[in-house]
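S.K.: First the structure, which I've put down as structure tokens, then a few questions once you've had a look.
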Amino acid sequence: MPQSQPSQDIKTKAIEILKGWNIDPEALAISQDKLDIIRSHPYQGLENHAETLRRFFISTAGDIRVILCAFAIRLAELQASDLTTPIAKETIEVYAPLANRLGMGQLKVSFETLAFPSAYPKEYAITRKLLGEREHILRRRLTKVYRSLRKYLAKDTSPRGIPIISSDYRLKNIYSLYKKLCRPDIDMDIGKIHDLLALRLITDDTENCYRILGLIHSHWKPVPGKIKDYVVSPKPNGYRSLHTTIYTGDGGTAEIQIRTASMHAEAEYGITSHVAYEEGGKSKSGGIWPKKLAWVRELVNQARDARNKYTFNESLRLDFFKDRVFVFTPKGDVVELPDGATPIDFAYALHSDLGDHIHAATIDGKYSSINTKLHGGETIKVETQPKAHPRPKWLEIATTSNARRRIRTYLGQENVK
């Protein structure tokens, strides 16, 4: 059975949510027909939901507010009542990743936190227990680090000083924690997770973000590989921040996030800060798709051009719902790829001819095979040979829908799964 239409109470709550996002409530009425399409089929898992998702993305092509209205209704439903398992799973598997890709970090956390108990009740209970056993210890540790940091900042003798506009603690989203616990290298050992609780510092400008980072590293040793500069290389959803994880000196670690107020607003509210408005507060029909969200346009185009349900579902599964890594060309250009990508995916992301003739790759100066998994921050140089060409085996190596589509085209197997 299709999902029931939202009640008047749900619509009223959704309108209040839209107002909080500075979206004109009239968007809800304007989007009603398209919202009916989104809710017209019961959720039966991501693999069986591609056609509805395809219609979903096509319906948003002309008006970005359709997505926001769908979000508002779902959030109102989550806050109002007990959830059925299918709706809870749809929220986690479709709505939360979409909110994340649109830069709405706060909404993603709300979706996952509210839906997790109904979607996976046993897993939720286990995770909640593990978290409760360590949370108070971590809070004490971060409080100690923060107090020491404030003392060091107070001793700064520069004319401007280094202001901290605000600070808070961010407990890791319980569903994100569960997913991390399930990783083979963690194996349900919560003690192996370094970012369970993070200290977030907000300052006035980018220069002071780096000054704070330097101050931290002058007093605490950073954990190798845990320094992330999302200011220079933002995430694809526009997220910017500096992250570092430090050894606290008492046998533990602590994650610290440093950003400006504008970076913080972007991280929390994402796309809602980009919807355009006419003078007087009236929203423009359709809203603006900012350049940084060009991937949404690409997804809409894929939805329109997909030859069948499988090809579009593959794009979602391989590209859209995966974490991202950033790698570099020898010239320093950034290439964004899904986690698990290989040099084949990198080559096809640059040019189809490079992909068709890739023989090997140099990763950070080391000769590597084309099935090597890439990691964030690496510099990749594609090695080609005129006689090299796509082989059926490449379909097992490539992870992006673009690379797999190009390989199938070369092999004359466009309709092969």
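S.K.: Determine ³J(HN,Hα), in whole Hz, for all residues of segment 176-185 in sequence, where each value follows from phi through the Karplus function 6.51 cos²θ - 1.76 cosθ + 1.60 and θ = phi - 60°; x replaces Gly and Pro.
M.R.: 4, 4, 4, 4, 5, 4, 7, 5, x, 6
S.K.: Spin-label point model (7 Å from Cα, Cβ direction): what's the ASP339 to ALA388 distance in nm?
M.R.: With each label point 7 Å from Cα toward Cβ, the separation is 2.8 nm.
S.K.: Could you state the per residue volume, in Å³, of the convex hull enclosing the Cα atoms of segment 322-411?
M.R.: Values: hull volume 7.3 nm³, N = 90.
Dividing the Cα hull volume of segment 322-411 by its residue count gives 81 Å³.
S.K.: Could I ask something else about it? Could you give the length gained by full extension between LYS122 and LEU171, i.e. 0.36 nm per residue of separation minus their alpha carbon distance, to one decimal place?
M.R.: Length difference between fully extended and current span is 15.6 nm.
S.K.: Can you list the trypsin sites (Lys or Arg not before Pro) in segment 137-234 that are in a DSSP coil and have 12 or fewer other beta carbons within 10 angstrom?
M.R.: LYS155, ARG160
S.K.: Distance in nm between label sites at LEU411 and THR379, each 7 Å beyond Cα in the beta-carbon direction?
M.R.: Going from the LEU411 label point to the THR379 one covers 3.4 nm.
S.K.: Sticking with this structure for a sec: Taking a threshold of 28 Å on the Cα-Cα distance, which of the pairs LYS331/LYS373; LYS179/LYS373; LYS108/LYS180; LYS11/LYS108; LYS180/LYS235; LYS172/LYS221 fall above it? Each step should come with its number before you reach the end.
M.R.: Values: LYS331/LYS373 21 Å; LYS179/LYS373 21 Å; LYS108/LYS180 16 Å; LYS11/LYS108 20 Å; LYS180/LYS235 19 Å; LYS172/LYS221 22 Å.
Going by Cα-Cα distance, every pair falls inside the 28 Å limit.
S.K.: Between HIS351 and SER148, what is the label-point separation in nm under the 7 Å Cα-to-beta-carbon projection?
M.R.: Roughly 5.2 nm, to one decimal.
S.K.: Let me ask you something else. Given a Förster radius of 30 Å and the C-beta distance between ILE227 and ASN22 as r, what FRET efficiency does 1/(1 + (r/R0)^6) yield to the nearest 0.05?
M.R.: So, using R0 = 30 Å, E works out to roughly 0.30.
S.K.: Share of antiparallel DSSP beta bridges in segment 121-268, in percent to the nearest 5?
M.R.: Of the beta bridges lying entirely in segment 121-268, close to 70 percent run antiparallel.
S.K.: Remind me, what semi-axes does segment 121-268 give for its equivalent ellipsoid, largest first in whole Å, using sqrt of 5 times each Cα gyration tensor eigenvalue?
M.R.: Numbers: eigenvalues 156, 63, 36 Å².
Semi-axes (√(5λ), whole Å): 28, 18, 13.
S.K.: Give the separation of the Cα centroids, segment 112-181 to segment 73-94, in Å.
M.R.: Here the two parts' Cα centres lie 25 Å apart.
S.K.: Using each residue's phi in segment 361-371, evaluate 6.51 cos²θ - 1.76 cosθ + 1.60 at θ = phi - 60° and report the 3J(HN,Hα) Karplus result to the nearest Hz, with x for Gly and Pro.
M.R.: The phi angles translate into 8, 10, 10, 6, x, 10, 5, 9, 7, 6, 9 Hz.
Values quoted throughout were computed directly from the atomic coordinates according to the rules given, and no laboratory measurement underlies them. Small disclaimer: the values here were computed from a predicted structure and weren't measured. Glycine gets a Cβ as well: all are built from the backbone with ideal geometry, and neighbour counts include every protein chain shown.
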